[in-house]
Each structure stands twice: as C-alpha cells, then as structure tokens.
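To start, the structure under review is shown below, and the notes come after it.
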Amino acid sequence: GSASGVIYSADGYVITNYHVIDGANSIKVTFDNGKEYTATYVGGEEKNDIAVIKVSRTNQSRRTTSAFNYLDLVGTADIRPGDPVYAIGNPLGLGLAISSGIIGSTAHELDRYALPCIVNSADISRGSSGGALMNVYGQVVGVTTGAYTYGNSMYLAVPIDPVLSADLTGEGWTIR
C-alpha cells in the first residue's frame with residue numbers, strides 16, 4: 001500500500017503510523033521528485049500507532065545524498081484547542097496534498113490508543129496516514145492517522161511525544 005511519512009532528521013529518520021508498516025515485507029520511500037530509497041524499521045509502538053523508519057542515503061539509482069531536508073517536531077504541550085493546523089499527506093497515492101483546520105482537542109481518549117489523540121478539522125484522506133499535522137510555524141505536532149466515519153471534520157492525529165523521548169541509537173530491523 002501507499003501512505004505518508006515525515007522526515008524529522010537530516011540523516012533520514014522518518015515518523016509514520018505503525019499500521020502503515022505493520023506486516024510489510026519491505027519499505028520503499030518515494031519522494032515527490034520521484035527518487036526512491038529503501039528504509040528499515042527502527043522502532044515503534046502499535047498501541048500508539050506510531051513508528052520510526054530510517055531511509056537509506058543511497059537511492060535506487062545508486063546515488064548517495066549527504067542529508068535530507070526535514071521538519072522539526074514539537075510535543076502536544078505546545079498546542080491547544082483553537083490553534084490552526086495543516087495536514088500534509090499523500091492521499092490515495094496521488095501526490096502532495098495540504099489541508100487546513102483547527103485543533104478541537106489535544107487529549108481525546110480512544111480505546112485503541114494508549115495516549116490521547118489530537119482531534120482537528122484539517123481534512124485527511126485515505127493514504128494520508130503517517131503524514132504531518134503541523135502548526136503555523138511548520139513544526140510537526142502530530143501524525144495523521146484517521147477520521148471519525150460518522151462525524152464532520154473530526155480527524156485524528158497521534159501525538160509524537162513518544163518519538164521525542166525515544167532512544168533511537170540502536171541498529172534497527174529489516175522488515176520480515
């Protein structure tokens with residue numbers, strides 16, 4: 001399948017949803033310029049639907065990049081209801097899409113997540129899972145994950161707080 005992700009370090013660490021990589025045999029990352037890279041799973045939490053992968057610096061054409069462009073991460077302590085946000089993703093694999101909205105809640109409890117989710121009104125379409133929920137400063141405040149089927153403008157993002165405190169110095173694993 002196809003989904004979205006957010007590069008958050010110059011050396012190629014990407015945050016996405018756990019459900020995006022769960023059960024994958026391999027991970028291929030395609031940038032908007034068409035360049036493709038392989039990636040390895042570094043770690044994640046199924047209960048929070050959050051995962052970190054690391055993109056190889058050598059692409060499928062055997063060209064090596066010295067660094068990736070990336071976005072800064074901030075935690076949920078830096079957002080509040082009413083704040084404007086932007087959702088960026090790759091809906092249906094059709095390419096970059098950006099929508100705007102506001103934060104409705106920063107601590108919405110759901111049984112399927114261990115941490116409270118962020119509810120917002122920025123449209124998120126299928127395939128945008130793993131994309132960035134950003135504040136007006138271009139900082140990532142959450143990872144887009146889904147929507148309420150029977151609600152209007154009730155989109156969900158998981159908080160990135162676990163990644164902010166994670167030790168990612170290990171080697172990572174190849175997907176089974």
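The values are calculated or read from the model by the stated rules, or taken from the named source; none is laboratory data. Here the structure is a predicted model, which means the values were calculated and not measured. Cβ placement follows ideal geometry from the backbone for every residue including glycine, while neighbour counts extend to all protein chains displayed. Surface accessibility is based on the protein's heavy atoms, side chains included, excluding ligands, DNA and RNA. Shrake-Rupley method; radii C 1.70, N 1.55, O 1.52, S 1.80 Å.
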*Under a Cβ-Cβ cut-off of 13 Å, what is the net charge of the residues other than Thr64 that fall near it, where Lys and Arg count +1 and Asp and Glu count -1?*
+3
_So for region 1-98, averaging the separation of alpha carbon pairs under 8 Å that are six or more residues apart and normalising by length, what relative contact order in percent results?_
30
*So how far, in whole Å, is the C-alpha centre of region 111-158 from the one of region 1-15?*
16
*Mind giving me the nanometre distance, one decimal, between the label points for Thr65 and Thr40, set 7 Å out from Cα along Cα→Cβ?*
1.9
*With the other protein chains left in place, how much accessible area per residue, in square angstrom, belongs to region 1-47 at a 1.4 angstrom probe?*
52
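What is the chain's relative contact order, in percent, from Cα pairs under 8 angstrom and six or more apart in sequence?
25
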*asked:* Give the aspartates and glutamates whose C-alpha is closer than 20 Å to that of Lys47, dropping any in the same chain fewer than 8 places away, or say none.
replied: Asp22, Glu109, Asp111, Asp161, Asp167
_Average Cα contact separation per residue, region 92-148, under 8 Å, 6 or more apart, as relative contact order %_ = 27
*Please provide three numbers in whole Å: the alpha-carbon extents of region 1-83 along the principal axes, with the largest listed first.*
45, 28, 19
_Given the chain, report the % of alpha carbon pairs whose separation exceeds 22 Å._
39
*So which chymotrypsin sites (Phe, Trp or Tyr not before Pro) in region 126-161 are both in a DSSP loop and have at most 14 other Cβ atoms within 10 Å of their Cβ?*
Tyr137, Tyr148, Tyr150
*Give the longest segment of the chain that steers clear of GluC sites (Glu not before Pro) in DSSP loops with at most 14 neighbouring Cβ atoms within 10 Å, not counting the sites themselves.*
1-108
*Subtract the Cα-Cα distance of Asp72 and Ala107 from 0.36 nm times their separation in residues, and report this length gain in nm to one decimal.*
10.5 nm
*To the nearest 10 square angstrom, how much accessible area does Ser61 have with a 1.4 angstrom probe?*
90
*Derived scalar couplings ³J(HN,Hα) [region 132-147; Karplus, 6.51 cos²θ - 1.76 cosθ + 1.60; whole Hz; x for Gly, Pro]*: 8, 9, 10, 8, 5, 9, x, 9, 7, 10, x, 10, 5, 9, x, 8
*Relative to the present Cα-Cα distance, how much length would full extension add between Ser153 and Ser26 at 0.36 nm per residue of separation?*
42.4 nm
